[in-house]
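Engineer: Take a look at this one; I'll ask things after.
The values are calculated or read from the model by the stated rules, or taken from the named source; none is laboratory data. These numbers were taken from a predicted model, which means no experiment stands behind them. Methodologically, a virtual Cβ is constructed for each residue, glycine included, from the backbone with ideal geometry; neighbour enumeration extends over all protein chains shown.
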Amino acid sequence: MNRVQFGEGACEKTRKYLDSYISNELLIETNHEVLRHVERCSACAGELETRTQLRTRLKAAVNAQSVPPELQARIREKIRAGHSSSWSTAGWFAAGWPRWPVAMAASLVICAGVWLNYPPEKMPAITDRPGQSAYIQRVSATLAAVLKVGLGDHIHCSIFRKYPKDPPSVEKMEADLGVSYKGLLPVVRAAVPDGYRVIMAHHCSYAGRSFIHLTFEKNGELLSLVVGRRKEGESPAGLAPALETSGVPVYQSAADRYQVAGFEAGDFLAYVVSDLKRKANLQIASTLAPAVREFLLKVQA
Amino acid sequence: MSHRGKRLNPMLFSKKPRTDEFEAAALPHMNDIYRTAVRLLGAGSGADDVVQDVYLQAWKSFSQFELGTNCRAWLFKILFHTLHHYRRKWLNVRMVKDGEDILEQTAASGPPLPEQITDEEMLAALTEVPQDFRAVVLLIDVEEFSYKDAAGILNVPIGTVMSRLSRGRRLLREQLVDLAQSYGIGRIHQGGKSA
């Protein structure tokens with residue numbers, strides 16, 4: 001991420017950063033510099049529109065490509081059979097090699113290659129608290145302070161804690177949330193997209209602050225709703241809202257592979273954090289915001 | 001040599017991932033993996049086989065995968081590794097070198113975008129963008145990976161991702177203009193207004 005102060009030669013500087021602006025890779029402050037300039041400069045605004053349109057149309061064109069309907073079934077079949085694909089081995093088999101030693105050697109080569117080349121992302125161990133803190137600090141370094149709160153608790157609680165294989169019952173989760181907050185669970189469950197299942201709902205604390213934390217899972221992807229009481233003067237209002245269509249301004253920024261969306265609800269700050277795509281996370285946050293805000297305002301009253 | 005007394009490590013078996021877990025985590029990304037493979041190899045150039053191989057390799061190392069980490073980025077990393085070997089073996093690929101002055105070039109306005117272009121024309125123009133630039137454009141603009149994730153997937157520095165992205169977007173734009181002119185499409189989009 002880059003931060004720049006625009007001044008002399010603002011058009012040139014703006015255009016140099018337009019690509020990173022479109023990719024949502026600038027610091028919030030630099031984003032604002034770009035936005036401020038574009039609002040005043042029609043030439044740069046036109047250039048931004050053209051570049052944004054190119055990206056949108058490219059994405060639409062690529063995603064219009066149909067996928068062979070039988071491909072998924074073929075992959076499932078191969079995984080379950082444990083066979084290697086035809087293109088990588090057909091030549092060897094056709095050359096008259098005995099099949100089983102070649103297949104065994106190929107498997108060993110593939111396994112060794114995978115081990116060496118695709119190590120999964122290394123995360124601190126569950127017992128490595130200093131490593132976890134360092135990781136959270138590192139990935140949230142570029143975030144606005146008000147958004148760091150939600151990301152920190154999401155990583156601390158959803159990523160670095162292990163869940164039982166089978167989630168607790170809804171009744172148990174509601175009991176863990178307590179009388180005041182148990183009603184939050186059905187409110188959120190009704191608003192998250194289909195396919196997400198709640199795997200954790202509880203009170204937790206991170207960095208000296210207490211939170212209500214709900215975690216959902218879908219196909220291995222985690223999504224958190226983190227709610228905490230705001231400290232004095234703490235507000236995302238200084239940031240530019242990413243979406244306001246629900247009537248509740250939602251502020252969002254990316255940090256490492258995470259998307260962090262936040263919104264205000266009276267004395268509370270609420271966050272939707274995931275490693276979904278930017279638009280998906282923002283859409284979920286925007287959908288959740290009115291219902292969650294209404295619930296929290298009732299709690300506050 | 002007797003093996004009596006030796007014990008197999010039970011973790012080798014207890015850590016073995018289950019097929020249904022792998023399928024639930026990895027298969028939702030198959031369409032994105034396939035479309036990227038097609039755009040890099042060309043339709044009918046074995047993208048189906050590459051995607052199957054990607055999933056087979058991912059399955060074999062899935063025991064190392066940690067729930068909650070970025071499965072999608074991990075699959076794309078395997079895809080690009082597979083494509084690298086596949087292209088070297090089967091295809092004649094134009095390689096490019098990144099220019100040092102690329103970021104400077106992005107300060108200038110690019111050519112205006114043709115107003116009337118179809119998906120097919122957009123994809124045809126994309127095909128003309130050299131592979132290394134095309135790969136970054138696909139990862140950032142279509143798949144919406146962060147610069148950092150894209151750098152990890154391609155195993156290049158973030159600065160290289162940035163320069164290839166800028167250059168790739170610009171080349172795509174130039175290709176579209178060339179294509180539109182060759183089709184006799186005269187109308188162009190200039191800063192939100194039709195010329």
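Engineer: Please find, among A:Val299, A:Val292, A:Val272, the residue that is under 25 Å from B:Tyr147 (Cα atoms) and either out of contact with any strand residue (DSSP E or B) (no Cβ under 6 Å at 6 or more places or on another chain) or touching a residue at least 12 places away in the same chain (Cβ under 8 Å) (or both).
Structural biologist: A:Val272
Engineer: Is it the case, given these coordinates, that B:Glu23 is modelled with pLDDT of 50 or more, touching a helix residue (DSSP H, G or I) at 6+ places or on another chain (Cβ under 9 Å) and surrounded by fewer than 21 Cβ atoms within 10 Å (Cβ to Cβ)?
Structural biologist: Taking the combined requirement at face value, the residue satisfies it.
Engineer: Kindly indicate which of B:Glu115, B:Glu100 is acidic (Asp, Glu), modelled with pLDDT of 70 or more and either closer than 17 Å to A:Gln53 by Cα or surrounded by fewer than 17 Cβ atoms within 10 Å (Cβ to Cβ) (or both).
Structural biologist: Only one candidate qualifies: B:Glu115.
Engineer: With the requirement that a residue be at pLDDT 55 or above, part of a loop (DSSP other than H, G, I, E, B) and not acidic (Asp, Glu), what does the range B:63-97 give you?
Structural biologist: Matches in the range B:63-97: B:Phe65, B:Leu67, B:Gly68, B:Thr69, B:Asn70.
Engineer: Also, I was wondering about something else. For the range B:30-47: of the residues being within 17 Å of A:Glu70 (Cα to Cα), at pLDDT below 90 and in contact with a helix residue (DSSP H, G or I) (Cβ under 6 Å, 6 or more places away or on another chain), which is farthest from the other protein chains (Cβ to nearest Cβ)?
Structural biologist: In this case the residue turns out to be B:Ala47.
Engineer: Does any residue in the range A:209-230 that is closer than 25 Å to A:Val179 by Cβ and within 14 Å of chain B (Cβ to nearest Cβ) come within less than 9 Å, Cβ to Cβ, of a residue that is buried (at least 20 other Cβ atoms within 10 Å of the Cβ) and charged (D, E, K, R) six or more places away or on a different chain, and which pairs are these?
Structural biologist: Listed by first residue and then by second, the contacts come to A:Ser224/A:Asp153.
Engineer: Next question, about the same structure. For the range A:7-65, what are the residues that are buried (at least 20 other Cβ atoms within 10 Å of the Cβ), part of a loop (DSSP other than H, G, I, E, B) and more than 9 Å from every other protein chain (Cβ to nearest Cβ)?
Structural biologist: Across the range A:7-65, the qualifying residue is only A:Leu26.
Engineer: I would also like to ask the following. Of all residues in the range A:250-282, which are in a loop (DSSP other than H, G, I, E, B) and of a type in the set (Val, Ile, Thr)?
Structural biologist: Correct list: empty.
Engineer: Return the total of residues in the range B:145-165 being within 16 Å of B:Leu79 (Cβ to Cβ), buried (at least 20 other Cβ atoms within 10 Å of the Cβ) and of a type outside the set (A, V, I, L, M).
Structural biologist: The qualifying residues number 3.
Engineer: Which pairs have Cβ atoms under 7 Å, sit 6 or more apart or on different chains, and link a residue in the range B:55-84 that is under 19 Å from A:Lys218 (Cα atoms) and within 7 Å of another protein chain (Cβ to nearest Cβ) to one that is of a type in the set (A, V, I, L, M) and in a loop (DSSP other than H, G, I, E, B)?
Structural biologist: Qualifying pairs under 7 Å: B:Glu66/A:Met123; B:Thr69/A:Met123.
Engineer: Also: If A:Glu171 satisfies every condition in (1) within 24 Å of the chain's Cα centre (by Cα); (2) surrounded by fewer than 14 Cβ atoms within 10 Å (Cβ to Cβ) but one, which is the exception?
Structural biologist: (1)
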